[in-house]
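Taking it in order: structure first as structure tokens, then the write-up.
All of the numbers you see were taken from the coordinates with simple rules; none came from a lab. As the structure is a computational prediction, the values presented were derived from the model and not from experiment. Methodologically, a virtual Cβ is constructed for each residue, glycine included, from the backbone with ideal geometry; neighbour enumeration extends over all protein chains shown.
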Amino acid sequence: MYTRNQSFNRSGQHSFFLWGARQTGKSTLLKENYKDALYFDLLKSDEYLRFINNPALLREIVLALQPKNPVIIDEIQKIPILLDEVHWLIENSKTQFILSGSSPRKILKSGVNLLGGRALRYELYPLSFSEIPDFDLVRALNNGLLPKHYDALDAEVLHAAYVGSYLEDEIIAETKIRNVEVFSNFLTKVAFSNGEIVNYTNIATDCGVSSPTVKEYFQILKDSMIGRYVEVFQKKPKRRVISSPKFYLFDIGIANFLQKRKSIEVGSVNFGLVFEHFIYNELHCYSHYSQKNFPITFWRTSSDLEVDFILGDHEVAIEVKSSTNVQSKFLKGIKAFSEEYNVKSKIIVSNDPYPRSIGDQILVLPWKIFLEKLWSGEII
């Protein structure tokens, strides 16, 4: 059992959405927090058919029961028109609604609004370091951090099922993608460029489609919470910087499967890339769950000087290195960035056994110590 960091304390009696990719644990979290809620699961075929044929049934049930506890509708994106009923009930009753789903895209495309500011928004991600007792880095980097996958002995089988039944089948069905083979090929190309600067033209050429089509596919992944852009830090640059963003898939294990990566061990060829992906996901989770919502960007010049992650308005600069012995040659990017901007903290996250200070007040932190400091609020 995992203790999730997502809290709903600030919601009070307000209705809210809980968005998250499939299998991140949304239903489990809501059932744990709202044991007495009136619960409708639209993945159940009988409930889906009941409401798709008669959306007004929701209003009739709620007005008859007048529930004092919240009403939860799981997978709300499957019947967007229900939001009109929810909207009316929020306006005309004291009912609190909790609406969970894996993608707001279908709702937005249907023309139904997301309750026009009448509901808060929360998001749930795969597990993070601070949610797992006795965290095992190598297991996380191989299996990924979806709750059912992290401890699984057959994680690759679960990855295959996830990609096949959800990423390919459901997303294609819900977004009405016409060329299934091209989209499946696109997913693989995205995985192989995971964490790298996005080149729409190259991916379009490899997939045999136009750049606008590729951009639309990326937007589908973003809307479905399957991946996120990391934008470039461009505040008054003195040097010429790269303008294209990076793109990270939401889970390490799914990215591994799509890339056909086998076992990942410390020091292996792929360890560094997956390790960086893991640290990024931790930063993103902390930013959201802490409600600090600081931006996470990266910095790269045309001469290939780079800092992996910039937190906030250049408050913290972070380089991620898989090395067990960080040396001065690794500091060029972070030194160059600190020459242009007033950086409060300069950190190298690594596999070093001990924390130490090198260069111009650059702190080398073993990954575990860094994450403990991050989740205790000491980094930003």
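Go ahead and run the numbers for FRET between LYS236 and GLN291, Cβ-Cβ distance against an R0 of 41 Å, rounding to 0.05.
Numbers: r = 28 Å, r/R0 = 0.69.
It comes to 0.90.
Would you work out the relative contact order for the stretch 9-124, in percent, from Cα pairs under 8 angstrom that are 6 or more residues apart?
Values: 173 pairs, mean separation 49.1, N = 116.
Relative contact order here is 42 percent.
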Average projected area of the Cα convex hull of the stretch 250-340, in nm²? 7.3 nm²
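May I ask you to work out the translational diffusion coefficient for the stretch 228-270 at 20 °C, viscosity 1.002 mPa s, via Stokes-Einstein with Rh from the Kirkwood sum over Cα pairs, reported in whole µm²/s? Walk me through the numbers on the way to the answer.
On the way: Rh = 13.2 Å.
For these conditions, the coefficient is 162 µm²/s.
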Cβ-based net charge around ARG4, under 11 Å, with every Lys or Arg adding one and every Asp or Glu removing one: -1
For the stretch 35-49, in order, what is each residue's ³J(HN,Hα) by Karplus, 6.51 cos²θ - 1.76 cosθ + 1.60 with θ = phi - 60°, in whole Hz (x at glycine and Pro)? 5, 9, 6, 7, 10, 10, 10, 7, 6, 6, 4, 5, 5, 4, 5
Note on the stretch 9-124: the mean projected area of its alpha-carbon convex hull, in nm², is 6.7 nm²
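Could you sort 276-286, 327-337 so that the peptide with the highest average Cβ count within 10 Å comes first and the rest follow in order? Walk me through the numbers on the way to the answer.
Values: 276-286: 21.8, 327-337: 16.1.
So the order, starting with the most tightly packed, is 276-286, 327-337.
Expressed as a fraction of 2.2 N^0.38 Å, the rule-of-thumb size for a compact globular protein of N residues, what is the C-alpha radius of gyration of the stretch 130-375? Don't skip to the answer; put the middle values down first.
Working: Rg = 18.4 Å, N = 246, 2.2 N^0.38 = 17.8 Å.
Here the Cα radius of gyration is 1.03 times the empirical estimate.
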A chain fully extended from ILE172 to ASP313 at 0.36 nm per residue, minus the present Cα-Cα distance, gains in nm 47.0 nm
How high is the relative contact order of the stretch 320-380? Use alpha-carbon pairs under 8 Å, at least six apart in sequence, and give a whole percent. 31 percent
Cα gyration tensor of the stretch 94-189, axes a ≥ b ≥ c as square roots of the eigenvalues: rounded (a/c below 1.5), prolate (a/b > b/c) or oblate? oblate
Förster radius 22 Å - calculated FRET efficiency between LEU120 and ASP41, Cβ distance, rounded to 0.05: 0.55
When we measure straight from the Cα of LYS78, which lysines land under 21 angstrom away, once same-chain ones fewer than 8 places off are left out? LYS26, LYS31, LYS44, LYS106, LYS109, LYS176, LYS222
For the chain, with a Gaussian network of springs between Cα atoms less than 10 Å apart, report the residue from ILE98, ILE254, ILE172 with the top mean-square fluctuation. ILE172
Which residue, GLN291, GLN77, GLN219, tops the fluctuation ranking in a GNM of the chain built on C-alpha contacts under 10 Å? GLN291
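Once fully extended, how much extra length lies between GLU378 and SER323, figured as 0.36 nm per residue of separation less the alpha-carbon to alpha-carbon distance? Intermediate values should be presented prior to the final figure.
Numbers: separation 55, 0.36 × 55 = 19.80 nm, distance 2.35 nm.
Here the segment from GLU378 to SER323 would lengthen by 17.5 nm.
Once you have the Cα-Cα distance between LEU63 and TYR2, take 0.36 nm times their residue separation minus that, and quote the gain in nm to one decimal.
18.4 nm
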So what's the angle, to the nearest 10 degrees on a 0 to 90 scale, between helix 56-65 and the longest Cα principal axis of the chain? 80 degrees
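Among bridges DSSP assigns within the chain, what percent are antiparallel (round to 5)?
On the way: 16 of 44 bridges.
If we restrict to bridges inside the chain, about 35 percent are antiparallel.
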Using Cα pairs under 8 angstrom and six or more residues apart, how large is the relative contact order of the chain, in percent? 13 percent
Amide H proximity to PHE97 below 5 Å, modelled H, separation 5+ or other chain, gives SER15, PHE16, VAL71
Estimated [θ] at 222 nm from DSSP helical runs (n ≥ 4, -39500 (n - 2.57)) normalised by residues in the chain, nearest 500: -11000 deg cm²/dmol
